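Down below is the structure, laid out as structure tokens.
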Amino acid sequence: MTNSTNAPTKPKGLGSIRRTAVNLSQFSPVKESTLGDGKNLPLILEPAVEHVDLAEWVGNNREELGKKLVKHGGFLYRGFPLNSAVDFERVAGAICSELYAEYGDLPREGVAGKVYTSTPYPNDKSILYHCESSHLHSWPRKINFFCVTVANEGGATPIVDCREVYRKLDPRVRDMFEEKGLMYVRNFSPGVDVPWQRFFHTEDKTAVEAECKKAGMTCEWTQGGETLRVGQVCRAVAQHPVTGEKTFFNQVQLHHVYCLDPAVRESLLSIFSREDLPRDVYFGDGSIIEDSVMEHVGGVYEQNAVRFQWQPGDMVTLDNMLIAHARDPFVGERKILVALGDMITLEQLDAVNAERQ
């Protein structure tokens, strides 16, 4: 009879254990999601761990975030420890190559050098859809918003993908805008609009005329020299400098008199002739844009709009050439800060798109 024993198994040495490679880059401190229902806009970015320095993370991942921005059109950063205009400016300065500090249409926020407060406009009125400064020959590629105070009711910042707006417009309407372009007219009337002195950062009318000429704008002093009227012919449709996609890039709804509340429109037209209205817009050849066209445009905007409720500390980054924004009426106090960045001129846009072809 043969005796057999089971020898105890020796533990494996560390050298015999098969190692598995771990890519630490997969462990992002920021998680991504969307609003659902097939909506890609905005991409929601939230902390996956505590104590995330959002500005540092954005700066380290700016190239990858740039790719995601042109895909989604916008980001909503939520849940990060952003508590002040200074915090906001740090993050905005990380996502943008350079922030813009000479914007005359918005009041500057006193705490931070390149941060503004949002448009001061009556609480009970909507600010309609527009791409920032698209009525000029230079504009920001990116626009950032930061929520300091949430309104008691309303006050959302609706956003809409202008690639979708371009695709969904009636082809006949779209062709008119694309072929004719737009002519924006603005009268800096005392007590009605931003003073021209603040907008142009000067009291010198000669300097204003030189600046208008440089920007390709017409310039006319009216009402005995008290009022400045400027005109600018711009495209209504632009090609995005990264993707080449066509986008409905303009401020036609914000400027057209039809889009004002009926009571406001009647009041203004009882005070001003149409050419003296604070703001108005025509087709680029000077012809009238019919009210029915504007009704159609407004319907397409609203059908494709996305809304979310602000929370304190929320920050939003939009690709200003892809996404238009607006403001809903609100009740109570509301404070949203703004930072603009990565300016581009019409000439630069044309050069980039010419290289693509």
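Considering the stretch 51-78, and only residues there that are under 10 Å from residue 29 (Cβ atoms) and open to solvent by less than 50 Å² (accessible area, probe 1.4 Å), the residue that is nearest to the chain's Cα centre (by Cα) turns out to be 54. Does residue 181 qualify as being among the small types (Gly, Ala, Ser) and in contact (Cβ under 8 Å) with a residue 40 or more places away in the chain? So residue 181 passes the test.
So, in the stretch 224-238, of the ones that are touching a residue at least 40 places away in the same chain (Cβ under 8 Å) and open to solvent by 60 Å² or more (accessible area, probe 1.4 Å), which residue ends up nearest to the chain's Cα centre (by Cα)? Outline the logic, then answer.
Here is the first cut: in the stretch 224-238, the residues touching a residue at least 40 places away in the same chain (Cβ under 8 Å) are 227-238.
This time we only want the ones that are open to solvent by 60 Å² or more (accessible area, probe 1.4 Å), so: 233, 235.
Working: 233: 21, 235: 18 Å.
Only one residue tops the list, namely 235.
Put simply, of 265, 356 the only residue that is closer than 24 Å to residue 73 by Cβ and among the basic types (Lys, Arg) is 356. Checking each residue in the stretch 191-216 for being in a loop (DSSP other than H, G, I, E, B), in contact with a Gly (Cβ under 8 Å, 6 or more places away or on another chain) and open to solvent by 30 Å² or more (accessible area, probe 1.4 Å) picks out only 201. Reported count of residues in the stretch 238-256, each being of a type outside the set (S, T, N, Q), assigned to a loop (DSSP other than H, G, I, E, B) and over 12 Å from residue 185 (Cβ atoms), is 7. A count restricted to the stretch 312-341 and to residues that are out of contact with any Asp or Glu (no Cβ under 7 Å at 6 or more places or on another chain) and under 23 Å from residue 96 (Cα atoms) stands at 15.
Here residue 48 meets the list (1) of a type in the set (A, V, I, L, M, F, W, C); (2) out of contact with any helix residue (DSSP H, G or I) (no Cβ under 9 Å at 6 or more places or on another chain); (3) crowded, with 17+ Cβ neighbours inside 10 Å; (4) over 16 Å from residue 316 (Cβ atoms) almost entirely, failing just condition (3).
Filter the stretch 165-182 down to residues that are buried (at least 20 other Cβ atoms within 10 Å of the Cβ) and out of contact with any Cys (no Cβ under 7 Å at 6 or more places or on another chain) and give me whichever is nearest to residue 306 (Cα to Cα). Across the stretch 165-182, the extreme among qualifying residues is 165.
For residues that are assigned to a loop (DSSP other than H, G, I, E, B) and modelled with pLDDT of 90 or more, scanning just the stretch 93-124, find the one that is most open to solvent (accessible area, probe 1.4 Å).
98
The values are calculated or read from the model by the stated rules, or taken from the named source; none is laboratory data. From a predicted model like this one, the values you see are computed outputs, not experimental measurements. Using ideal geometry, Cβ is built from the backbone for each residue, glycine included, and neighbour counts are taken over all protein chains shown. Protein only, heavy atoms only, side chains kept; ligands, DNA and RNA dropped before computing areas. Shrake-Rupley method; radii C 1.70, N 1.55, O 1.52, S 1.80 Å.
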